[in-house]
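Asks: Here you go, one structure.
The values are calculated or read from the model by the stated rules, or taken from the named source; none is laboratory data. Small disclaimer: the values here were computed from a predicted structure and weren't measured. Every residue, glycine among them, receives a Cβ derived from its backbone with ideal geometry; neighbour counts consider all protein chains shown. Areas reflect the complete protein model, heavy atoms only, side chains present, ligands, DNA and RNA absent. Shrake-Rupley method; radii C 1.70, N 1.55, O 1.52, S 1.80 Å.
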Amino acid sequence: MNRTSTTTHAASHRNRNRSHPFVSRFWTLALVLSAGYIAAMASQYLWLAPIEYSFGAQIETYTANRLTMMLHIGAGVIALLAGPAQFIPLLKRFRLLHREAGSVSCIAVGIGGTAGLRAATFAFGGASNSVAFGMMSTLWLLTTALALVNVYRGNLEALQLRTKRSFAIT
């Protein structure tokens, strides 16, 4: 392959990855609305209202571990609300907002993931649920840490991949 065909191939690959503006706007709107909806639903658990739980042991356990639950849920809600600023092209143009939202998201994941590891020790459903919740919290922390490493290395492609994975786990 000569240099011209390599350059042409790279340019066509870049263009093929760009979606139509309508499609991009649709997915941006879907991202924001779904993140907002999930954050609103999850925030109800911050109050630990007894009617929200299906059986007494769950109420007792969550009440006994109120700080852990509030940190995990509250930080998760903050990460969900800060996350879309990492993906919306219009907001990426405002570098300070983009960076601050990323910092808030990283701190929230650090708090929420650590509290999630603690919450995994008293998850309902037995050992399999505890292991699954523990693994999910570990992956949440790990993908976010890898994204942060890529910020400092200036590796934007890897950063975008890790950020998407971290937000998907959120």
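Asks: Within the bounds of region 63-71, is there any residue that is open to solvent by 50 Å² or more (accessible area, probe 1.4 Å) and of a type in the set (S, T, N, Q)?
Replies: Yes, the conditions are met somewhere in region 63-71.
Asks: Which of the residues belonging to region 115-133 are open to solvent by 40 Å² or more (accessible area, probe 1.4 Å), touching a residue at least 40 places away in the same chain (Cβ under 8 Å) and not basic (Lys, Arg)?
Replies: Residue satisfying the conditions is Phe124 alone.
Asks: Of the conditions (1) farther than 20 Å from Thr28 by Cα; (2) crowded, with 18+ Cβ neighbours inside 10 Å, Gln44 fails just one. Which one is it?
Replies: Checking Gln44 against (1) farther than 20 Å from Thr28 by Cα; (2) crowded, with 18+ Cβ neighbours inside 10 Å, the one that fails is (2).
Asks: Let me ask something additional. Can Ile107 be described as open to solvent by 40 Å² or more (accessible area, probe 1.4 Å), in a helix (DSSP H, G or I), under 14 Å from Thr163 (Cα atoms) and not acidic (Asp, Glu)?
Replies: The answer is yes for Ile107.
Asks: Being under 28 Å from Thr121 (Cβ atoms), within 9 Å of the chain's Cα centre (by Cα) and surrounded by fewer than 21 Cβ atoms within 10 Å (Cβ to Cβ) is the filter here, so list the residues in region 134-170 that pass it.
Replies: Those that are under 28 Å from Thr121 (Cβ atoms), within 9 Å of the chain's Cα centre (by Cα) and surrounded by fewer than 21 Cβ atoms within 10 Å (Cβ to Cβ): Arg165, Ala168, Ile169.
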